[in-house]
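Colleague: This is the structure I want to talk about, given as structure tokens.
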Amino acid sequence: MHNNTQRIVITGIGLTAPNASSLSEYREKLINGQSEITEINLRYFGKAPAGLCTFPETKYRKKKENKKGTRAGCISVYCAHEALADAGLDLSSVDRSKIGVYIGLTEHGTVETENEVYNIRQYDYNTSYWTHHHNPRTVLNNPAGEITLSLDITGPHYSIGAACAAGNASIIQAVQMMKLGEVEMALAGGISESTGSFGIFASFQAQNALAVADDPRRASKPFDLDRNGIVISEGGCVYVLEYLDKAVARGAKIYGEVVGYAMNSDARDFVLPYGPRQAECMRLALQRANLNPEDIDLINTHATGTKQGDIEECKAIREVFSGSQKTYINNTKSIIGHAMGAAGVLELAGNLPSFTDNMIHPTINVDNLDPECALPNLVLNKAIEVDSINTILNNSFGMVGINSTVIVKKV
């Protein structure tokens, strides 16, 4: 049964970020430009700036269950429960076979594998000491599956591997499945447990793409001439997506409607981003949303603080939005670092309250704006208040040339 004309809205948000574990606290800190990036000390690797989350890990699941599962699963279960609570939904009144669970991941299983190899080291690498939990922990559907186990959801669940575009990809997947009538409601979001892996830090360092700074809170500097790379963060964010008519009928609060989206591929390089394809991605999302560039009030950029990445995205934005005088631009990674698979959804979540408070949170740590990133209406270092915000365009791009754009509109 196709519901292609159905409008789909966000009615619940559950999150944990490196500076907050609820949307209200998160929003307040973003508006204040308050970063809580700290320093991590990883085995084999050493010290680096990182975004770490502190959330009540046993709020919805016992310690024993957390031990059996994964860090990613623990984050996703927390976010899913928080999203449902925020949406005011009691699942006992819902057909749980009609709920889809779609979780975006940059990678999964790396942390578990590193931990096990480290563990059997003390037994002279004897694999009979390898945990029997390893396979269910490392299958790609694990963080999505752990949500269904915790909430007794019997509809489809799977993870979406789309590098750092995965959070946006999960929203897109959920909307498409709801429009197809495959599910009637969805839990969609993204998770990052990247700070548990020394290999991820070591690899970014080998690419000269890992940020360093005396003060870790100032390490993430997208658009700044002196930026020197990415700050790796963990985190998670899950949305409740519902049909507009059902949300209205039950008197739900509505954060916004997903009105446009697009994904495409650069087909050029393993790691280097490509502006012209990013521009095509934004154009396609606008076309599907029946919007012009000047209809977009706010662009939340993907910019990670790597030289070429920031410049390519700015070129793409300049190309698509050069005719728009009223489109503001900001960046959330400057405050929370790069939450990989959770980046797109966390960054969108932090901006959705703009629809009600008309504030735009700043891009922080910009002391010396790179002329190649000097876009008009870039909100730097201090939040601003505007007359109204009705549309947000959210970009997320990832390795191996994957691009995603999601457009959300005030209802």
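The values are calculated or read from the model by the stated rules, or taken from the named source; none is laboratory data. This structure is a prediction, so every number in the text was calculated from the model and none was measured. Methodologically, a virtual Cβ is constructed for each residue, glycine included, from the backbone with ideal geometry; neighbour enumeration extends over all protein chains shown.
Colleague: Assess whether ARG268 counts as being in contact (Cβ under 8 Å) with a residue 40 or more places away in the chain, over 17 Å from the mean Cα position of the chain (by Cα) and not assigned by TED's automatic domain parsing to the domain that holds ASN351.
Modeller: Answer is no for this residue.
Colleague: To continue, here is another question. How about segment 230-263: which of its residues are crowded, with 24+ Cβ neighbours inside 10 Å, over 22 Å from PRO353 (Cα atoms) and among the small types (Gly, Ala, Ser)?
Modeller: Hit for segment 230-263 is SER233, nothing else.
Colleague: Restricting to segment 88-133, what's the tally of residues that are among the charged types (D, E, K, R), at negative phi and in a loop (DSSP other than H, G, I, E, B)?
Modeller: 3
Colleague: Of all residues in segment 272-306, count the ones that are under 22 Å from PRO222 (Cα atoms) and of a type in the set (A, V, I, L, M, F, W, C).
Modeller: 8
Colleague: Show me the strands (runs of 3 or more DSSP E) found entirely inside segment 324-411 where at least 1 residues are among the small types (Gly, Ala, Ser) and out of contact with any Phe, Trp or Tyr (no Cβ under 6 Å at 6 or more places or on another chain).
Modeller: Those strands (runs of 3 or more DSSP E) span 391-398, 402-409.
Colleague: Give ASN208, ASN228 a once-over and let me know the one that is at positive phi and either part of a loop (DSSP other than H, G, I, E, B) or at pLDDT 95 or above (or both).
Modeller: ASN208
Colleague: Now for a different question. Would you confirm, using the coordinates I've provided, whether VAL111 is closer than 16 Å to TYR44 by Cβ and within 25 Å of the chain's Cα centre (by Cα)?
Modeller: For VAL111, the condition - closer than 16 Å to TYR44 by Cβ and within 25 Å of the chain's Cα centre (by Cα) - is met.
Colleague: Further question on the same structure: Name every residue in segment 164-189 that is surrounded by fewer than 22 Cβ atoms within 10 Å (Cβ to Cβ) and of a type in the set (Gly, Ala, Ser), in order of residue number.
Modeller: Passing the criteria: only GLY181.
Colleague: Follow-up. Of the conditions (1) closer than 29 Å to ASP86 by Cα; (2) part of a strand (DSSP E or B), LYS246 satisfies every one except a single condition; which number is it?
Modeller: (2)
Colleague: Can you give me the ranges of the helices (runs of 4 or more DSSP H) entirely in segment 1-87 with at least 3 residues that are of a type in the set (Gly, Ala, Ser)?
Modeller: Output list reads 71-86.
Colleague: Further, regarding this structure: Restricting the first residue to segment 20-46 and requiring it to be without any contact (Cβ under 8 Å) to a residue 12 or more places away in the chain, which pairs with a second residue that is polar (S, T, N, Q) meet a Cβ separation below 9 Å and a spacing of at least six or different chains?
Modeller: Qualifying pairs under 9 Å: GLU25/ASN19; GLU28/GLN34.
Colleague: Tally the residues that are within 12 Å of SER324 (Cα to Cα) and crowded, with 23+ Cβ neighbours inside 10 Å, restricting the search to segment 272-297.
Modeller: 2
Colleague: Here's another thing I want to ask about it. Any residue at all in segment 385-397 that's of a type in the set (Phe, Trp, Tyr) and crowded, with 24+ Cβ neighbours inside 10 Å?
Modeller: yes
Colleague: Kindly indicate whether SER334 is over 27 Å from ALA80 (Cβ atoms) and surrounded by fewer than 21 Cβ atoms within 10 Å (Cβ to Cβ).
Modeller: no
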